[in-house]
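Asker: One structure is given below, represented as structure tokens, and several questions about it will come after.
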Amino acid sequence: MAQNSREKYVSPLSTRYASDEMQFVFSDTFKFRTWRRLWISLAKAEQALGLPITDEQIAQMEAHRDDVNFEVAEAREKEVRHDVMSHVYAFGQQCPLAEPIIHLGATSCYVGDNTDVIVLREASRIVMKKATQVLANLKDFALRYKSMPALAYTHLQPAQLTTVGKRATLWMYELSMDVEELAHRMDSLLLLGSKGTTGTQASFMELFGGDESKIREMEARIAKDMGFSGVVPVSGQTYSRKVDAYFLAVLSGIAQSAYKFANDLRLLQSFEEMEEPFESKQIGSSAMPYKRNPMRSERICALARYVTVDSLNPALTASTQWFERTLDDSANKRISVAEAFLATDAILNLYINITQGLVVYDRVVERRVMEKLPFMATENVMMQAVKRGGDRQQLHEKLRVHSHAAAYRVKAGDGVNDLVDRMAGDPAFGLTKEEILNELKPSLYIGRCPSQVEEFVAQVIDPLLKKYHTEDVTATLHV
């Protein structure tokens, strides 16, 4: 009995998470159209270098470049159990004049691996576009809140003050490093070229009568045709699987950076200081109607863990390749590489969506600052008291006793922070309550935060966006 789509496993990366544009890059349509582009490019290069290939043959191939006859290829593969030869056959059925020269001199990896390299490039372009959009969103956010004091934490305990905008630069800096690393990998990416069965190009030596210059020229022409600066200098049958490992390491880095942001936001939402977008009809809990759960941030974290672990797959694959080629890479590679990009795409869609609608609750941020500021101001109070003749060591001990007593009252008593009153009532300090309160201005405790935000944006983010951010993106979430 034939199963319908609801009776089979369907990847949630397709139905719930990844964008249509990223899914298209990993689709059969993109793959097999690219195979045909590569066959056409090979034929053109071979013709230009003297092989007996006619304009009519190439024209016939060009005419059927995009209308892949999938049914013919699929039926043929059931017979011969070879995907490349099945598509050679299907292409030949549409191009009978060209049928004798399709795939001339090439091995399967000519179309398979070169297409995989092209897929890496196109998928990375989408990742770059979306990662830089996140940075553009966070740039605006950081500048808007560059001077708003907020509690800063070490060990998840209130430490000193920062600003809401300065904290955003920490998220931005990590993602900017990922963007630069991705740009490096994209700039370094080379086509496999046409290396033959074991990388020796022996078949092309035969075709070109031993003229090595023509083989080099053939590869240069194909690389230019496909938009690459060149081909790898040496290989076995395949391009080095370390290339996949390099790219997935970058995706893992993006996932780590996104996880850091999303985890911080989940904590801030529990503090009620900030919140991810929450739609008017969104339901936070089936049991608790009042809940406003950070489900987008939680989804980022879930997907980020997957990408980080998935990045181990190509690393292990690269390390276990045998001599000039083996085939235990194939099944793993087609899953791990595709899913890493699809999941990273989903992460960035969420990251864009959240950063386009981040909510800051100013009064909550201020209230929480003022609850802790008396403790953080003790050093300034101590300095003022020393200027009036106090003993620094004795004052430090008194402040230790007063602050712990006040903290205990906050946590175990009536919740009132009476530290200011305790300091004002202790003659050792020689300060009035008003004088102490003058030290409780949050702006006195944010250091260089506003300047740091402005400098970071001007020196790091603006040049990066100018170089890599080519278009604005609005992320649409499936669910």
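The values are calculated or read from the model by the stated rules, or taken from the named source; none is laboratory data. Bear in mind the structure is a predicted one, so any value in this text is a computation, not a measurement. Methodologically, a virtual Cβ is constructed for each residue, glycine included, from the backbone with ideal geometry; neighbour enumeration extends over all protein chains shown.
Asker: Quick check on the stretch 419-446: of everything there that is among the acidic types (Asp, Glu) and in a loop (DSSP other than H, G, I, E, B), which residue is surrounded by the fewest Cβ atoms within 10 Å (Cβ to Cβ)? Full working, then the answer.
Answerer: Filtering the stretch 419-446 for residues among the acidic types (Asp, Glu) gives 421, 426, 434-435, 439.
This time we only want the ones that are in a loop (DSSP other than H, G, I, E, B), so: 426, 439.
Values: Asp426: 16, Glu439: 21.
Of everything passing the filter in the stretch 419-446, Asp426 is surrounded by the fewest Cβ atoms within 10 Å (Cβ to Cβ).
Asker: Separate question: Can you tell me which residue within the stretch 137-161, out of those that are outside any strand (DSSP E or B) and out of contact with any helix residue (DSSP H, G or I) (no Cβ under 8 Å at 6 or more places or on another chain), is surrounded by the most Cβ atoms within 10 Å (Cβ to Cβ)?
Answerer: So in the stretch 137-161, the residues outside any strand (DSSP E or B) come out as 137-148, 155-156.
Right, trim to out of contact with any helix residue (DSSP H, G or I) (no Cβ under 8 Å at 6 or more places or on another chain) and you get 140, 155.
Numbers: Asp140: 14, His155: 6.
So the residue we want is Asp140.
Asker: Let me ask something else. Among the candidates Val117, Val179, which residue alone is of a type in the set (Val, Ile, Thr), touching a strand residue (DSSP E or B) at 6+ places or on another chain (Cβ under 7 Å) and in the same structural domain as Lys195 (by TED's automatic domain parsing)?
Answerer: None of the other options fit; the residue is Val117.
Asker: Then there's this: Can you spot a residue in the stretch 468-476 that is without any contact (Cβ under 8 Å) to a residue 12 or more places away in the chain and either touching a helix residue (DSSP H, G or I) at 6+ places or on another chain (Cβ under 9 Å) or not basic (Lys, Arg) (or both)?
Answerer: At the first step, the residues of the stretch 468-476 found to be without any contact (Cβ under 8 Å) to a residue 12 or more places away in the chain are none.
No, the stretch 468-476 contains no residue that is without any contact (Cβ under 8 Å) to a residue 12 or more places away in the chain and either touching a helix residue (DSSP H, G or I) at 6+ places or on another chain (Cβ under 9 Å) or not basic (Lys, Arg) (or both).
Asker: Shifting gears a bit: Of all residues in the stretch 391-409, which are without any contact (Cβ under 8 Å) to a residue 12 or more places away in the chain and surrounded by 13 or more Cβ atoms within 10 Å (Cβ to Cβ)?
Answerer: Result: Arg409, single match.
Asker: Now a separate question. Among the residues of the stretch 70-123, count how many are touching a residue at least 24 places away in the same chain (Cβ under 8 Å) and of a type in the set (Ser, Thr, Tyr).
Answerer: The number of residues fulfilling the criteria is 4.
Asker: Then there is this: Mind checking whether some residue in the stretch 74-86 is outside any helix (DSSP H, G or I) and of a type outside the set (Phe, Trp, Tyr)? Working first, answer last.
Answerer: We begin by selecting, within the stretch 74-86, every residue outside any helix (DSSP H, G or I); these are 81-82.
In the following step, the residues that additionally are of a type outside the set (Phe, Trp, Tyr) were identified as 81-82.
For the stretch 74-86, residues outside any helix (DSSP H, G or I) and of a type outside the set (Phe, Trp, Tyr): present.
Asker: Now for a different question. Go through Ser213, Ser194, Ser229 for me and flag whichever is crowded, with 19+ Cβ neighbours inside 10 Å, in the same structural domain as Ala346 (by TED's automatic domain parsing) and small (Gly, Ala, Ser). I'd like the intermediate steps shown before the answer.
Answerer: Numbers: Ser213 fails: crowded, with 19+ Cβ neighbours inside 10 Å; Ser229 fails: crowded, with 19+ Cβ neighbours inside 10 Å.
Selected residue: Ser194, the only one of Ser213, Ser194, Ser229 that is crowded, with 19+ Cβ neighbours inside 10 Å, in the same structural domain as Ala346 (by TED's automatic domain parsing) and small (Gly, Ala, Ser).
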